[in-house]
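Everything on this sheet refers to the single structure shown next.
The values are calculated or read from the model by the stated rules, or taken from the named source; none is laboratory data. Please read these numbers as outputs of a predicted model, since none were measured by experiment. Glycine also receives a Cβ, built like all others from the backbone with ideal geometry; neighbour counts cover every protein chain displayed. Surface accessibility is based on the protein's heavy atoms, side chains included, excluding ligands, DNA and RNA. Shrake-Rupley method; radii C 1.70, N 1.55, O 1.52, S 1.80 Å.
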Amino acid sequence: DVEPPGPYWRAAAKLATRVLKFGKEEVPTQICRREGQQRRCWDVSKPAHIADFRRLQVLRDYGGIYMDLDHIALRPFDDLLNYTSVWGRQARNEYGHQVMIGCMLARPHDPIIVELLEGMRLAFDGQWVRHSINMLNAYLASDQVGRAAPSEDDRPLVLPYGALLSFSWKRGDLCCDYWHHKGTDVTSLLEGDGFDWSRAYSLHLFHSQSGSMLIHEHDEYTVQDYMTKQTNFAAAIRIAIRDFASFIEELRDLARESDENKAAEEAQLEENKRK
């Protein structure tokens, strides 16, 4: 078994009522298909690519709410649970407001999820998002959705930008969404302000947006410093965390735990690479 080391994972695991482990044989390790006269194969080896396949497998088999570990809920999802599947858009880029896969909801065995999983297999070529985000957006824009879900009641719900996935992995994308940021010139998560969180169910800590903070890991002083500023991030965290004093105390515990187990965590990372 390969399990992430470190205090972040252990803290997250405490909140889980069940950890669903899976074997290497449950996800594709190699994708092969014929292109013209040639048969080509691509290894599925990057953790992010393995996770792309696995998240759709779990939604297909069990249904529920998928969220990346760096995704933060701001309010309950209760009023979304009656839909067959729910998706959200990120900030507008050269392809428009793309639908993302960092947070999504689905019922078990939903035909849309079944078709997307097969579409992911057919589109995979080792590149970063062709098989995932690009494939998903092309599918949702096609007439395949109507064939898979002929009834209006079975159609997916695609929420607008700012509902599930605020901001973007590419900082430059935010240039075009001033109206979401009340016209301010600085629109980033950690440095800008004025973002309207009133319609948001959650936010995503895109590393390009939050890396300057996350590099400090569980340093409670860094978090306290960010929370004293009038920023988009601070406004969201005030919504997400009601007992901030307890949160800071938990960060202190995580910091102590990390310092005490640093050598063991580094050894575990090396062991995971060999598995």
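The helices (runs of 4 or more DSSP H) found wholly in region 186-275 and carrying at least 3 residues that are more than 23 Å from Ala163 (Cα to Cα), modelled with pLDDT of 80 or more and open to solvent by 50 Å² or more (accessible area, probe 1.4 Å) occupy 244-260, 262-274. When region 81-99 is filtered for residues that are modelled with pLDDT under 95, within 15 Å of Ala141 (Cβ to Cβ) and either in a strand (DSSP E or B) or open to solvent by 70 Å² or more (accessible area, probe 1.4 Å) (or both), the ones remaining, listed by number, are Arg89, Tyr95, Gly96, Val99. Residues in region 33-47 that are surrounded by 10 or more Cβ atoms within 10 Å (Cβ to Cβ) and either among the hydroxyl-bearing types (Ser, Thr, Tyr) or at pLDDT 90 or above (or both): Arg33, Arg40, Trp42, Asp43, Val44, Ser45, Lys46.
Scanning region 139-153 for residues that are within 30 Å of Ile239 (Cβ to Cβ), in a loop (DSSP other than H, G, I, E, B) and at pLDDT 90 or above turns up nothing. Can you find a residue in region 56-65 that is under 18 Å from Asp154 (Cβ atoms) and surrounded by fewer than 16 Cβ atoms within 10 Å (Cβ to Cβ)? Yes - at least one qualifying residue is present in region 56-65.
Among the residues that make up region 152-161, is at least one of them under 19 Å from the mean Cα position of the chain (by Cα), surrounded by fewer than 15 Cβ atoms within 10 Å (Cβ to Cβ) and within 17 Å of Ile50 (Cβ to Cβ)? No - not one qualifying residue is present in region 152-161.
Being open to solvent by less than 100 Å² (accessible area, probe 1.4 Å), part of a loop (DSSP other than H, G, I, E, B) and in contact (Cβ under 8 Å) with a residue 12 or more places away in the chain is the filter here; which residues of region 14-29 pass it? Matches in region 14-29: Leu20, Phe22, Val27, Pro28, Thr29. Looking across region 238-274, the residues that are under 24 Å from the mean Cα position of the chain (by Cα), in contact (Cβ under 8 Å) with a residue 60 or more places away in the chain and closer than 19 Å to Asp70 by Cα come down to Ile239, Ala240, Glu250, Leu254. Taken over region 100-133, residues that are open to solvent by less than 60 Å² (accessible area, probe 1.4 Å), without any contact (Cβ under 8 Å) to a residue 24 or more places away in the chain and more than 25 Å from Ala73 (Cα to Cα) amount to 2. The criterion of at least 2 residues that are β-branched (Val, Ile, Thr) and within 30 Å of Phe195 (Cα to Cα) is met by none of the strands (runs of 3 or more DSSP E) falling completely within region 35-75. Taking the conditions (1) at pLDDT 95 or above; (2) open to solvent by 30 Å² or more (accessible area, probe 1.4 Å) in turn, Glu3 satisfies each one other than (1).
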